[in-house]
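One structure is given below, encoded as structure tokens.
The values are calculated or read from the model by the stated rules, or taken from the named source; none is laboratory data. As the structure is a prediction and not an experimental result, all values here were calculated from the model. Methodologically, a virtual Cβ is constructed for each residue, glycine included, from the backbone with ideal geometry; neighbour enumeration extends over all protein chains shown. To get the accessible areas, we keep the full protein, side chains included, count just its heavy atoms, and leave off ligands, DNA and RNA. Shrake-Rupley method; radii C 1.70, N 1.55, O 1.52, S 1.80 Å.
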Amino acid sequence: MSRLERALALAALVFSGAIQAVIAAPYSWVALHPVAFVPALWVISRSSGRRAFLAGWVFGAAANATIFVWLVHTIATFTALGTLPGIAVLALFAAAHGLYAAVFAWGFAPVRRAAGSAWPFAIAVWFTACEFAAPHFFPYRQGVVWYVEPRLSLATATTGISGLTLLVL
């Protein structure tokens, strides 16, 4: 893999993660949600093993860092630590909570191989399972942003947040 390809892969992962912040409240640009994962899934689908794990971790950490960027201000305002320790706390938080995406990416290739032609559905199920099985790794579920869409209230009531996550993926 050339430097340019690595840089593009890193940009795609960070973009897919960072765009999660505008999909979530207060912006709630939910129309971006179904396409926001495409760059990350493109990179992850071309990786396996350790590279896939690291790619997923970058994606998950970028998502958590941008969604929870308010932690820095909260720490700086309500503690005696200040801004720099707040940034360090955010970095540790994002790294720890990005682990769910690393596990998802690590399992992407084996799930894809095992599912055969049904792999797109299997990947969505795998992502939903990773999110559902480890809420302590990712305190923010993908389906949550869709509460602002009244047209989906019946789907939410029927399938729950995990059902909406499955639909997004």
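Along the Cα→Cβ direction, 7 angstrom out, place labels at ARG113 and ARG51. What is the inter-label distance in nm?
1.5 nm
Can you tell me the order of 2-11, 51-60 when each peptide is scored by its average per-residue count of other Cβ atoms within 10 angstrom, highest first?
Details: 2-11: 11.5, 51-60: 23.0.
Answer by packing, highest mean first, reads 51-60, 2-11.
Work out, step by step, the length gained on full extension between ALA11 and ALA133: first 0.36 nm times the residue separation, then minus their alpha carbon distance; give nm to one decimal.
Details: separation 122, 0.36 × 122 = 43.92 nm, distance 2.82 nm.
The ALA11-ALA133 span can extend by a further 41.1 nm.
Hey, any idea what % of segment 5-56's accessible area is carbon plus sulfur with a 1.4 Å probe?
Looking at segment 5-56 in its full context, I get 70 percent from C and S.
Averaged per residue, what accessible area in Å² does segment 1-58 show with a 1.4 Å probe, protein chains only?
Dividing the accessible area of segment 1-58 by its residue count gives 59 Å².
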